[in-house]
Amino acid sequence: MKADGWRVNHKRVARIWRREGLKVPAKQPKRGRLWLNDGSCVRLRPQHRNHVWAYDFVEDRTRHGRKIRMLTVIDEFTRECLVIEVKRRLNSQDVLAVLARLFVGRGAPDHIRSDNGSEFAAKAVRKWLGEMGVKTLFIEPASPWENGYNESFNGKLRDECLNTELFYSLREAQIIIEKWRREFNTIRPHSSLGYRPPAPETYPPADPACAIWRLQPDRPSIGAILSVT
């Protein structure tokens, strides 16, 4: 609402939100920090863009009950979703293909965080990442909160897209999920970023010559130009 120019208090919005019966996030139990004996934190915190990426899988089904699988990759520092790969099946070779495309377009991160799934812990994946100079950060088994940024994103993906859309085909799912990803990156505000989107759309400045022409009081009309041409 603030991005659209509304001047409104957040408490009033929350009150209307509750009154209209909209979804209110359930309170999560508090979890202790992961500390070593010397007081240092185990979980590596992202410090800059391309410092730590995280990836994980999400599953859903189409209208006829066939499973679809999604590989989500995010930059933990910028909160940007880099890609959501949607297929019927995804294995370690698909993970390598997605990462290769991202490395070409965005460069390789310093670290990449994931669980210990076979697709991420495969020897081919670890070997390739090592050759690319990317360090792997595997979370402890049965500890999804250690991959909190990605788990939070996957929850938003399910609440805002998967639970509200009915997919009739794989292609339809790919189009709708990609549209949601673009909106998530460019429009949706994030509280952790000061209610700004992770990657807002930018537009090149207008041609100065065109702007000067528009300011001239004696400029010819568009109709006159078209009639001459």
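The values are calculated or read from the model by the stated rules, or taken from the named source; none is laboratory data. Everything numeric here is computed off the predicted structure, so don't read it as measured data. Glycine gets a Cβ as well: all are built from the backbone with ideal geometry, and neighbour counts include every protein chain shown.
Would you mind stating whether LEU137 is among the aliphatic types (A, V, I, L, M) and buried (at least 19 other Cβ atoms within 10 Å of the Cβ)?
Criteria not met by LEU137.
Is it the case that ARG158 is within 17 Å of the chain's Cα centre (by Cα), under 28 Å from ARG63 (Cβ atoms) and basic (Lys, Arg)?
Criteria met by ARG158.
So if I check each of ASP56, ASP110, which one is under 28 Å from ASN163 (Cβ atoms) and touching a residue at least 40 places away in the same chain (Cβ under 8 Å)?
ASP56
Kindly indicate whether any position in region 144-152 is surrounded by fewer than 16 Cβ atoms within 10 Å (Cβ to Cβ), on the phi > 0 side of the Ramachandran plot and modelled with pLDDT under 80.
no
All but one of (1) closer than 20 Å to ARG45 by Cα; (2) of a type outside the set (A, V, I, L, M); (3) more than 17 Å from the chain's Cα centre (by Cα); (4) outside any loop (DSSP other than H, G, I, E, B) hold for ARG113; which doesn't?
Condition not satisfied by ARG113: (3).
So, in region 145-166, exactly how many residues are out of contact with any strand residue (DSSP E or B) (no Cβ under 8 Å at 6 or more places or on another chain), assigned to a helix (DSSP H, G or I) and closer than 20 Å to VAL83 by Cα?
Qualifying residue count, region 145-166: 7.
Take the residues in region 113-128 that are touching a Leu at 6+ places or on another chain (Cβ under 8 Å) and without any contact (Cβ under 8 Å) to a residue 60 or more places away in the chain; name whichever of them is surrounded by the most Cβ atoms within 10 Å (Cβ to Cβ).
VAL125
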